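Right, one structure below, let's go through it.
The values are calculated or read from the model by the stated rules, or taken from the named source; none is laboratory data. Since we're looking at a predicted model, the values are computed, not measured. Don't worry about glycine lacking a Cβ; one is built from the backbone with ideal geometry, like all the others, and counts go over all protein chains shown.
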Amino acid sequence: MQVIVTVIGTDKVGIIAKVTTKLAALNVNILDVSQTIMQGAFTMMLLAKLPEDGDFGAIKADLQDLGADIGVEVKIARQEIFDAMHKL
């Protein structure tokens with residue numbers, strides 16, 4: 001299953017490293033990534049693929065816990081749901 005992961009928060013050292021390290025530990029493959037800093041606000045969006053045996057709910061909870069630990073908001077959505085929500 002492909003997912004969209006978004007990370008938003010105040011810019012600080014190590015956000016990308018911590019998020020990508022957690023995704024690797026969860027066996028989530030990053031397919032594409034976009035990241036920018038806008039006036040001190042860090043934003044990152046990743047397209048990723050969960051492992052075949054991946055538990056979406058558990059991965060979502062792990063990423064939310066990571067976000068709380070490092071002071072950013074981390075959200076994950078199934079790609080088809082994300083796409084449907086953002087169609088005009």
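Would you mind stating whether Ala58 is in contact with a Leu (Cβ under 9 Å, 6 or more places away or on another chain), modelled with pLDDT of 95 or more, part of a helix (DSSP H, G or I) and surrounded by fewer than 12 Cβ atoms within 10 Å (Cβ to Cβ)?
Values: in contact with a Leu (Cβ under 9 Å, 6 or more places away or on another chain): yes; modelled with pLDDT of 95 or more: yes; part of a helix (DSSP H, G or I): yes; surrounded by fewer than 12 Cβ atoms within 10 Å (Cβ to Cβ): yes.
Spelling it out, Ala58 is indeed in contact with a Leu (Cβ under 9 Å, 6 or more places away or on another chain), modelled with pLDDT of 95 or more, part of a helix (DSSP H, G or I) and surrounded by fewer than 12 Cβ atoms within 10 Å (Cβ to Cβ).
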Legend entry - Filter result for Gly71 (on the phi > 0 side of the Ramachandran plot and at pLDDT 95 or above): yes
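Does the range 54-71 include one or more residues that are in contact with a Gly (Cβ under 7 Å, 6 or more places away or on another chain) and touching a residue at least 40 places away in the same chain (Cβ under 8 Å)?
Keep residues of the range 54-71 that are in contact with a Gly (Cβ under 7 Å, 6 or more places away or on another chain), which gives 71.
Applying the additional criterion that residues be touching a residue at least 40 places away in the same chain (Cβ under 8 Å) yields 71.
Checking the range 54-71: at least one residue is in contact with a Gly (Cβ under 7 Å, 6 or more places away or on another chain) and touching a residue at least 40 places away in the same chain (Cβ under 8 Å).
Do you know which residues across the range 1-46 are outside any helix (DSSP H, G or I), over 20 Å from Gln79 (Cα atoms) and of a type outside the set (Asp, Glu)?
Of all residues in the range 1-46, those outside any helix (DSSP H, G or I) come to 1-14, 26-46.
Subsequent filtering for residues that are over 20 Å from Gln79 (Cα atoms) retains 9-14, 36-42.
Gly9, Thr10, Lys12, Val13, Gly14, Thr36, Ile37, Met38, Gln39, Gly40, Ala41, Phe42 - these are the residues of the range 1-46 that are outside any helix (DSSP H, G or I), over 20 Å from Gln79 (Cα atoms) and of a type outside the set (Asp, Glu).
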Inset, instruction - Can you confirm whether the range 37-49 contains a residue that is at pLDDT 95 or above and on the phi > 0 side of the Ramachandran plot? - result: no
Inset, instruction - Could you grab the pairs with beta carbons closer than 6 Å, sequence gap of 6+ or different chains, first residue in the range 31-48 and closer than 14 Å to Thr20 by Cα, second one of a type outside the set (Gly, Ala, Ser) and not in a strand (DSSP E or B)? - result: Ala48/Val28
